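Working notes, beginning with the structure itself.
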Amino acid sequence: MITAGLGLKPQHYDEALTCDAEGLWFEVHPENYMSAGGPRLAALEAIRERRPLSLHGVGLSLAADADPDREHLAALKRLVDRFEPFVVSEHLAWSTHRGQHQPDLLPFPRTHAALARIAANVGRMQDALGRKVLIENPSLYLPLTGHDLDEVDFLKALVAQTGCGLLVDVNNVFVSASNLGYRAETYLDALPAEAIGEIHLAGHAPDEGGSDLLIDTHGAPVAEPVWTLYRRLIDRIGPRPTLIERDDDIPDFATLMAERDRAAAMLEPVLEKAHA
Amino acid sequence: MPELLDFQDAFVAALGGERSALSPWLAPDAGEAGLSVYRNTIAKGCVDALAANFPTVLSMVGEDWFRAAAALFAREAPPTGATLLDYGKDFPAWLERFPPAQDLPYLVGVAHLDRLWTEALFAAEAAALTAGALAALPPEALAETRLALHPSVRFAAFDAGLPSLWSSARAGHDGLELSDQAEALLCVRAHGAVRHRVIGEAETEFLRACREGQTTAQAAERVLTAHPAADLAPLFAGLIADGVFLDIDR
Ligand SMILES: [Fe+2]
């Protein structure tokens, strides 16, 4: 049974290997393992022998107006073949542009043309990997005009056209809703339950630059309103593998496990109900 | 309706300060803050990657100096791929031209050595030649063998004691002094973790000969010609123990 998992960090390799929590799994960014060799790959291999693994891509740039980078896709395929993850995911965002890479998840106007391009890119990714992938909703900071579809309809169309699934980041929904002024509950309630294959929970912070924006920092514990939204989501759709994402200001393993255990405990009654 | 690529062009121009390029797509309530968030996240991603790959440079110049320099470098030479593991190949050369680094004469060399260490860390796996496997070779076969270097082997020679200075800084010591003794640094990852050690001119010469595809006998002769006092047996045993040679096909 796969319940709640943790983003795996190199400083926690030893504890991740020996931890005996039931249902625990790990997620990594494949970009951090795209090397010819090295101790990180060896550590991941050892952990994978004991735990399910998810590969969560941050750099394929599916929302760029360009084909996914062939070398990147080939490197991803090698990792998928080697580590046999139970989930492979990417973002509804772009980061590459004319040969340069901006290490961030950038927004775009959700036009019909963008949908056609991104659906083609998701299709290329799935074809190259020979499997279904999950696409994650981004955190948004800039109100754009020119959208033909709202984000939920865009994601639904992507699912319908490519057969991909969705990774719902509840913190991203909370952050985007706050930044762009819509209701997070309305957004979550409209997502197609059957398409959702994974849930992310992470922490955010107010903008240090002094604006009203919330920043998806992955540098703090999951906020209470995000836990509340999570409760609402799993009560509606049922249990899903749920990840605590932490990428900055990383505490010790036990602190992260406490958050992970909270998600696992919330999943438990939902799991029982689903199996009743 | 303009296409996605037009939007990307405009967005990147706006990130670079040309906000008006993006105005066709900006909602009336779009403030400057949103773009700044993206700008800061991108800069942080690049700077964090450089900090991870140049820890000795960072320890010498301090957090503020490093992050300011790294942000400037990232603007001039953004990553070309999504994997930031080896970002910063050109950072040492860039530091050489960076005016504020001119007061820190050994910084470029230190950056170069950090880079060697990182390359060794992510190089391909391969079995290293062991002393046991070597002992099984008849002596005349050893002399004629061309020993290939392990894929993780990196070394660089300096006409001063930069490798010792780098090693001390890497180990967290301060009060660093630069000797005028010529030295080289060897990094290799044949047994799990990267190992590094300061080596002399004779060992460096031996490694160079092997890298150029010479036989063991030719390499030994080359070392002894340049350094007649070199003691070859312990030199060779040391390199074997480090795992610098690729296992031989038998
Ligand atoms: Fe996420």
Requested in this report: Ignore the peptide's own chain and count Cβ atoms of other chains within 10 Å of each Cβ in B:5-15; give me the average, rounded.
Outcome: 5
Query - Spin-label model distance (nm) - B:L5 vs A:R98, 7 Å beyond Cα toward Cβ - result: 1.1 nm
Requested in this report: Please report the Cα spread of region B:113-250 along all three principal axes, rounded to whole Å, starting with the longest.
Outcome: 49, 35, 22
**Report entry** Proximal charge balance of A:I199 [Cβ under 9 Å; K/R count +1, D/E count -1]
**Finding:** -1
Report task. Return one number: the angle in degrees, 0 to 90 and rounded to the nearest 10, between the long axis of the Cα atoms of helix B:4-15 and the longest principal axis of the Cα atoms of chain B. Result -> 80 degrees
Query - Formal net charge of residues neighbouring B:A230 (Cβ-Cβ distance under 10 Å; K, R +1; D, E -1) - result: -4
Query raised in the report: Measuring with a 1.4 Å probe in the full set of protein chains, what accessible area per residue, in whole Å², belongs to region B:186-250?
Result: 48 Å²
Requested in this report: Give me the distance in nm between label points sitting 7 Å out from Cα along the Cα-to-Cβ direction at B:E212 and A:E15, one decimal.
Outcome: 5.2 nm
Query - Residues listed by number, region B:190-228, amide nitrogen under 18 Å from A:R82 label point at 7 Å toward C-beta - result: B:190-194
Query raised in the report: Over the Cα atoms of region B:187-250, how large are the radius of gyration and the largest Cα-Cα distance (Dmax), in Å?
Result: 11.9, 35
Query raised in the report: For the pair B:D64 and A:Q161, what calculated FRET efficiency results from E = 1/(1 + (r/R0)^6), where r is the Cβ-Cβ distance and R0 = 41 Å, to the nearest 0.05?
Result: 0.25
**Report entry** R0 of 41 Å, Cβ-Cβ distance B:Q181-A:T255: FRET efficiency to nearest 0.05
**Finding:** 0.30
Report task. Scale the Cα Rg of region A:134-228 by the rule-of-thumb value 2.2 N^0.38 Å and send over the ratio, two decimals. Result -> 1.09
Report summary line: Summing -39500 (n - 2.57) over every DSSP H run of at least 4 residues in the protein assembly as shown and dividing by its residue count gives a helix-only mean residue ellipticity at 222 nm, to the nearest 500 deg cm²/dmol, of -14500 deg cm²/dmol
**Report entry** Within the accessible area of the protein assembly as shown (1.4 Å probe), percent carbon and sulfur
**Finding:** 52 percent
Query raised in the report: Taking all pairs of different Cα atoms in chain B, averaging 1/r and flipping that mean, what Kirkwood radius in angstroms comes out?
Result: 21.1 Å
Report summary line: Helix B:201-211: inclination vs chain B longest Cα principal axis, degrees, rounded to 10, gives 80 degrees
Query raised in the report: So what are the ³J(HN,Hα) numbers for region B:122-132, from phi and the Karplus equation (6.51, -1.76, 1.60; θ = phi - 60°), rounded to whole Hz, Gly and Pro as x?
Result: 9, 5, 5, 7, 6, 6, 9, 5, 9, 4, x
Requested in this report: Rounded to whole Hz and in sequence order, give me ³J(HN,Hα) for region B:65-71 from the Karplus expression 6.51 cos²θ - 1.76 cosθ + 1.60, θ = phi - 60°, writing x for Gly and Pro.
Outcome: 4, 4, 5, 5, 5, 5, 5
**Report entry** Environment charge at B:C187 (Cβ cut-off 9 Å; Lys +1, Arg +1, Asp -1, Glu -1)
**Finding:** +3
Query raised in the report: Under the Kirkwood approximation for Rh and a Cα-based Rg, what ratio Rg/Rh is obtained for region B:94-141?
Result: 1.37
**Report entry** Pairs beyond 27 Å (Cα-Cα), from A:K9/A:K273; B:K44/B:K89; A:K156/B:K44; A:K132/A:K156
**Finding:** A:K9/A:K273; A:K156/B:K44
Query - Folded to 0 to 90 degrees: helix B:216-226 orientation relative to chain B principal axis, Cα - result: 90 degrees
Report summary line: Loop-resident GluC sites (Glu not before Pro) in region B:173-226 with no more than 13 other Cβ atoms inside 10 Å, DSSP not H/G/I/E/B, are B:E177, B:E212
Query raised in the report: For region A:174-179, in order, what is each residue's ³J(HN,Hα) by Karplus, 6.51 cos²θ - 1.76 cosθ + 1.60 with θ = phi - 60°, in whole Hz (x at glycine and Pro)?
Result: 4, 5, 5, 4, 5, 6
Requested in this report: Rank-order B:226-232, A:195-201, B:63-69 by packing density, defined as the average count of other C-beta atoms within 10 Å over each peptide's residues, highest first.
Outcome: A:195-201, B:63-69, B:226-232
Query raised in the report: Can you give the alpha-carbon Rg of the protein assembly as shown over 2.2 N^0.38 Å, where N counts its residues?
Result: 1.10
Report summary line: Taking only the alpha-carbon positions of region A:4-275 as identical scatterers, the Debye log10 I(q)/I(0) at q = 0.07, 0.09, 0.12, 0.15 Å⁻¹ comes out as -0.23, -0.39, -0.73, -1.19
Query raised in the report: Listed highest first by mean packing, meaning other Cβ atoms within 10 Å per residue, what order do B:40-46, B:139-145, A:43-49, B:90-96 come in?
Result: B:40-46, B:90-96, A:43-49, B:139-145
**Report entry** Projected label distance in nm at B:L232 and B:D174, using a 7 Å step from Cα toward the beta-carbon
**Finding:** 4.7 nm
Query - Two-site FRET efficiency, B:S20 against B:F98, from Cβ-Cβ distance with R₀ of 45 Å, rounded to 0.05 - result: 0.90
Report task. Please give the per residue volume of the convex hull enclosing the alpha carbon atoms of region A:64-169, rounded to a whole number of Å³. Result -> 107 Å³
Report summary line: At the level of C-alpha centres, the distance separating region B:38-112 and region A:24-40, in angstrom, is 23 Å
Report summary line: The long-range amide H neighbours of B:L26, using H built 1.01 Å from N in the peptide plane and a cut-off of under 5 Å, are A:T145
Report summary line: Partner shielding of A:132-145, taken as the mean number of other chain Cβ atoms within 10 Å, equals 4
Query raised in the report: Using unit Cβ charges (K, R positive; D, E negative) and no other charged atoms, how large, in debye to the nearest 20, is the dipole of the protein assembly as shown about its Cα centre?
Result: 900 debye
Requested in this report: For region A:174-234 and region B:158-196, compute the distance between their C-alpha centroids and round to whole Å.
Outcome: 47 Å
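The values are calculated or read from the model by the stated rules, or taken from the named source; none is laboratory data. Note that this is a predicted model, so its numbers are computed, not measured. Note: ideal-geometry Cβ built from the backbone for every residue, glycine included; neighbour counts use all protein chains shown. Only protein heavy atoms, including side chains, enter the accessible area calculation; ligands, DNA and RNA are left aside. Shrake-Rupley method; radii C 1.70, N 1.55, O 1.52, S 1.80 Å.
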